[in-house]
Each structure stands twice: as C-alpha cells, then as structure tokens.
Amino acid sequence: MEDDEAVPSNEEIWRMEAFELAGGVRAGELSPVEVVDAVLARMERLEPTLHAFCTPTPDLAREDARRLEDEISSGGDPGPLAGVPVGIKDLHAVKGVRMVLGSHAYKDFVPDEDDVAVERLKEAGAIVLGKTNVPEFGYSGVGHNPVFETTTNPWDTSRTPGGSSAGSGAAVASGMGPIALGSDGGGSVRIPASFCGLFGMKASMGRVPLYPSCRDERYPGASGWESLEHIGPMSRTVRDGALMLSVMAGPDDRDRLSIPEEAGFDPLEATGGELPRGLRVAYSPDWGYAAVDPEVRRVVGEAARVFESDLGCTVEEAHPGFEDPYEAFWGLVVMETDLAGMRKMAEELGEKMSPHLREVLELEWKAEDITNAVMARKGVYNRMWRFMRDYDVLLTPTLAVPPFETGIQGPGVIDGREVEPFYWLSFTLPMNMTGQPAATVPAGFAEGGLPVGMQIVGRHLDDALVLKASAAFEAARPWKERWPGLLDEPGV
C-alpha cells in the first residue's frame with residue numbers, strides 16, 4: 001500500500017466481505033497482516049462474551065499472514081482467498097492444532113494432517129484464525145459441551161447460536177472473520193446460519209470431500225455419519241459462500257463418496273445474473289406434519305412470497321408427502337456411529353460426557369431399528385425426486401423455532417404441541433437423508449429481533465440453482481448491512 005493512501009480502520013476491515021478483502025490483498029490495497037490484526041482485535045474484545053473459538057491460534061495466523069505478504073511481495077499468486085481470515089469448526093483437522101471435538105476424550109489430541117477442505121482453503125490463501133466451538137462430537141444442534149465455555153448468539157447472548165457449527169456461526173455473525181467452515185450431518189451448517197442471520201449451504205452429497213472427518217476409522221467419535229455428512233461454507237453473503245465453495249469443491253480419492261467435477265458448474269458464476277422468470281417454486285411451511293412456531297411461519301411465509309412478487313416465480317404451497325422421518329434419522333446416525341468405541345469412551349468418561357450422548361449410547365438398538373431407518377430414507381428420497389420433478393425449487397423454514405435459551409437441547413413445546421428435544425430440526429434432517437443441495441438465507445426477524453432463516457432446496461445435484469435463488473433473494477431483500485445491535489459499536 002502506498003504511504004499516502006488512507007489505511008482502512010479495523011472496523012472497516014472486519015466489516016468487509018471475503019470477496020472484497022481478497023481483492024484488496026491481491027491488488028496490494030490491503031496487507032494480509034493488517035487484515036488479520038483487525039480481526040484478531042475484534043476477537044480479543046468479543047471472545048469473553050461469545051466463546052466462538054475453543055482453540056484460537058493468533059500467533060499462527062499472524063505468522064501465516066506475514067508469509068503471505070512476503071509471497072505477494074515476491075510476485076507470487078496469493079490465491080482466490082488471499083488473506084481472508086477463516087474459522088475452522090473443531091470437528092475438522094488442522095495440522096498441528098489441537099482438535100478437541102468438544103470431548104474430554106480428545107482434549108490433548110493434535111492431528112498430523114489437514115482436512116481436505118482445510119487443505120484447499122489454505123492453498124487458496126485463507127488464514128486460519130483457530131478452531132471454532134462445537135457440541136460433543138457434533139451430536140447436537142446447539143453450542144455447549146463438557147470442555148469449553150458455552151458459545152452464545154451475537155444477536156442475544158442469552159440464546160444459543162445453534163450448532164453443531166456453533167462457533168463458526170457466532171464468529172461470522174459478529175465480524176470475527178467473514179467466512180467459516182461448517183459441516184452438516186443433520187443441519188449443522190444451516191442451523192447456526194439460520195440462528196445467526198447468515199448464509200449457509202450444504203452442497204450436494206460429495207460435492208466437498210471429507211477426510212479425515214467422518215472417514216478415518218482410527219478416531220472413534222470423530223468417524224461417523226458418513227452417508228449424512230456434508231461440509232459447507234458459512235458467510236455473511238451468498239457471494240462469499242460461493243467463493244468458499246468454489247475453492248473447496250471437487251473430487252478427492254480420500255473420500256469414496258466425492259463426485260466428479262461437473263462441466264460448467266461455477267459457484268461464483270451461479271450467483272450472477274437474474275433468476276430465470278417463471279420458475280416453479282413449492283413452499284412447504286410445515287411438511288404437512290411438523291410443529292412450527294407462529295413467528296417462524298409468519299416470517300418465512302412473507303419471505304417465500306418475495307419469489308412471486310419480486311422475482312417472477314410461480315409459488316404454490318405443496319408438500320412432498322413423505323412420512324415424518326424424525327425417528328428414522330436417529331437410526332441412521334446410530335448405524336454410522338462407532339458404538340463399540342463410543343460406549344467404551346462413555347464408560348471411561350462417565351459424567352464428563354454429555355448426558356444426551358450417554359443416553360443414546362445406553363439404548364439397546366436392534367437390527368430392525370437400523371434397517372427400518374434405511375428403508376425410511378429410501379422412502380423420503382423417492383418422494384422427494386418425484387416431487388421435485390414438478391418444481392424447480394422448494395422453500396421451507398430452516399428451523400421450526402427462533403433461537404432459544406442456552407443450556408438446553410431444544411424446546412419441549414412448539415406451538416402448543418409437546419415434542420422431542422431435537423424436533424425443531426424437522427426441516428433440516430430430511431435433506432441430509434436425500435443428499436440434495438440445501439441452503440439457508442436470512443428471511444427476516446421474529447419478535448425481539450431474533451433471526452429466522454428460510455431453507456432453499458434444489459433438485460439432485462442442482463447446486464447452481466440453489467445458489468442463484470439464494471443470491472436473487474438476497475438482492476431483493478438484502479441483509480448484509482444489518483449487524484447484531486449488541487455488538488455493533490464503533491471502534492474495534
């Protein structure tokens with residue numbers, strides 16, 4: 001940067017999109033060291049309240065920023081994410097950085113390799129800020145575990161940010177980096193993105209490879225949910241999420257479920273241009289069976305109408321018609337859990353393991369429970385592909401409730417109906433069973449200023465249309481300038 005040019009303030013820097021930061025660094029208008037210092041200053045002020053990072057790595061981030069600055073000075077290509085700070089969910093490996101997974105069983109574990117997605121983010125020039133907090137082994141939709149302080153929601157710190165990518169959601173929503181890595185086995189990207197007022201996307205199954213996460217048999221607890229788990233971007237804007245996805249997507253032989261690259265699929269390109277007029281859009285406010293908070297119904301119903309009033313689509317209320325797969329989903333989770341290894345851990349940890357996790361492990365699961373779950377998944381998928389032949393896009397609430405208080409797994413009553421603690425995840429779970437692309441966008445706010453998300457689902461492998469529909473809604477109802485009021489003071 002030239003000496004006579006104005007240096008952006010810390011606040012100007014941490015408010016920037018990843019796309020803008022990377023462009024500034026590549027053009028020599030921003031120093032990656034200045035960018036990292038600005039975000040680390042933000043972290044220093046907010047972390048005592050939010051607890052987004054369980055293992056921050058400020059020294060490593062500064063070292064990587066200086067290395068990138070030297071590379072740029074030498075004429076090297078800094079990459080598409082040049083100097084962009086990123087938080088990494090603590091279910092994903094960063095070589096040489098402690099990975100605890102929210103469990104006392106892994107409190108001293110340091111992996112010797114990067115996750116594939118982390119490897120690709122680093123190669124693209126992103127700067128890792130540290131590991132973001134998760135519930136134990138990711139077996140929850142909230143942000144507390146037995147090891148670290150509970151992550152709180154920047155919009156209301158008495159509320160959960162959602163999970164399991166809890167810290168990633170809280171970090172991005174509060175300006176501790178414009179992007180973060182999340183993973184989604186039952187909604188764990190979309191849940192915190194919805195509760196924190198962000199864009200989050202679970203691309204098609206296999207679009208972003210996973211290894212060693214979910215794939216390495218050496219790590220009980222860390223290895224599971226293989227046919228449900230996706231990895232995806234969390235960001236303040238759709239364009240930033242697409243930029244992150246463009247870096248992470250692509251086949252890898254370490255993941256047997258990864259899919260080949262598709263000719264013509266460019267996540268960034270998909271966010272440009274107008275949404276084609278006349279798209280057939282289905283809106284399901286409750287799947288035809290789910291309990292939904294009235295405020296969520298109101299906010300998402302108004303958002304769905306934007307596709308007709310502003311975007312020229314044909315919108316009609318319709319349901320895919322599958323039976324409630326809530327119980328079946330947990331059978332699939334157990335099928336892909338290392339029960340022997342996890343039960344041994346539970347015996348060793350005792351009260352140091354999360355109570356809800358111990359309860360699941362203590363249940364006697366029969367073979368029929370598992371095979372019934374597999375058959376139910378087939379039924380959900382068959383209903384969905386038939387349904388999606390009549391529609392280009394499906395809209396639903398992302399979650400059945402607005403953000404609730406910390407310390408619980410979920411509300412026991414929704415709209416006057418008694419439900420199981422995780423029932424508020426009714427909209428996200430089926431999309432992990434089908435593997436379809438699904439994103440969440442900020443739909444609006446419930447009473448009290450709490451964010452509510454709308455889920456946008458595409459046909460099998462139609463990630464491009466999900467991105468385009470998300471970007472079109474963002475253009476019609478922009479949200480990026482609205483920050484959590486409690487934390488939106490000038491200064492740092």
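Laboratory data are not the source of any read-out in this text; all were calculated from the coordinates shown. On a predicted model such as this, the values are computed, not experimentally measured, just so you know. Neighbour counts run over all protein chains shown; Cβ positions are idealised from the backbone, glycine included.
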remark   = Computed from the beta carbon distance with a Förster radius of 51 Å, FRET efficiency for Arg482 and Glu368 to the nearest 0.05 stands at 0.55
request  = Using the number of other C-beta atoms within 10 angstrom as an exposure proxy, rank Arg26, Arg305 with the fewest first.
outcome  = Arg305, Arg26
key: Label-point gap, in nm, between Arg67 and Leu339 - each point 7 angstrom along Cα→Cβ   = 4.4
For region 450-477 versus region 155-212, the gap between their alpha-carbon centres in whole angstrom = 15
ask   = Which GluC sites (Glu not before Pro) from region 402-492 combine a DSSP loop assignment with at most 10 other Cβ atoms within 10 Å?
value = Glu447, Glu481
task = Of the DSSP beta bridges with both residues in region 10-487, give the percent that are antiparallel, rounding to the nearest 5.
result = 65
Cα-based Rg / Dmax (Å) for region 10-487 = 20.6, 64
message = Quick check: net charge around Asp240, other residues with Cβ under 14 Å of its Cβ, Lys/Arg +1 and Asp/Glu -1?
response = +1
query = Check Thr132: other-chain or 5+ apart residues with amide H under 5 Å from its amide H, H built from backbone geometry?
reply = Cys54, Ile88, Lys89, Asp90
P(r) of region 394-472 over all Cα-Cα pairs, binned every 5 Å from zero, in whole percent = 3, 14, 22, 22, 18, 11, 7, 2
Net charge dipole size for region 10-487 [Lys, Arg +1 and Asp, Glu -1 on Cβ; Debye, nearest 20] = 520
³J(HN,Hα), Karplus 6.51/-1.76/1.60, whole Hz, each residue of region 110-124, x for Gly, Pro = 10, x, 9, 8, 8, 4, 4, 5, 5, 3, 6, 4, 4, 4, 7
key: Lysine pair number, Cα distance threshold 23 Å (strictly under), the chain, separation 8 or more or different chains   = 23
request  = Given the peptides 363-376, 341-354, arrange them by the average over their residues of other C-beta atoms within 10 Å, most packed first.
outcome  = 341-354, 363-376
remark   = Phi-derived 3J(HN,Hα) across region 55-64 with the Karplus relation (6.51, -1.76, 1.60, θ = phi - 60°), rounded Hz, x for Gly and Pro, is 9, x, 10, x, 5, 5, 4, 5, 4, 5
ask   = Considering only Val401, Trp385, Trp225, whose Cα is most displaced toward the positive end of the charge dipole of the chain, charges sitting on Cβ of Lys, Arg (+1) and Asp, Glu (-1)?
value = Trp385
query = If Lys and Arg each add +1 and Asp and Glu each add -1, what is the summed charge of the other residues whose beta carbon sits under 10 Å from the beta carbon of Lys95?
reply = -4
note = Quick note on Ser204, Ser168, ordering by fewest other C-beta atoms within 10 Å, gives Ser204, Ser168
inquiry  = Sorting check: for 17-23, 250-256, which peptide has the highest mean count of neighbouring beta carbons within 10 Å, and how do the rest follow?
reply    = 17-23, 250-256
remark   = Residue-ordered couplings for region 319-328, obtained by feeding phi - 60° into the Karplus form 6.51 cos²θ - 1.76 cosθ + 1.60 and rounding to whole Hz (Gly and Pro as x), are 10, x, x, 7, 6, 4, x, 3, 5, 4
ask   = With the Cα gyration tensor of region 336-492 giving a ≥ b ≥ c as the square roots of its eigenvalues, does the rule (a/c under 1.5 for rounded; else a/b larger than b/c for prolate; else oblate) give rounded, prolate or oblate?
value = oblate
ask   = How much length is gained if the chain between Glu149 and Ala27 is pulled fully straight, taking 0.36 nm per residue apart and subtracting their Cα-Cα distance, in nm to one decimal?
value = 40.0 nm
request  = Classify region 1-147 as rounded, prolate or oblate from the Cα gyration tensor: take a ≥ b ≥ c as the square roots of its eigenvalues, call it rounded if a/c is under 1.5, otherwise prolate when a/b beats b/c and oblate if not.
outcome  = prolate
task = Figure the gain on full extension for His460 and Glu359 (residue separation times 0.36 nm, minus the Cα-Cα span) and round it to one decimal in nm.
result = 32.9 nm
Cα centroid separation - region 33-67 against region 268-323, whole Å = 38
remark   = Ordered by fewest other Cβ atoms within 10 Å, a rough proxy for footprinting exposure, Asp156, Asp266, Asp390 read Asp390, Asp266, Asp156
task = Give the long-range amide H neighbours of His230: residues separated by 5 or more places, or on another chain, with amide H under 5 Å away, using H modelled in the peptide plane at 1.01 Å from N.
result = Asp184, Gly185
query = Between Glu348 and Asp253, what FRET efficiency comes out of the Förster formula 1/(1 + (r/R0)^6) with R0 = 30 Å and r the beta carbon distance, rounded to 0.05?
reply = 0.30
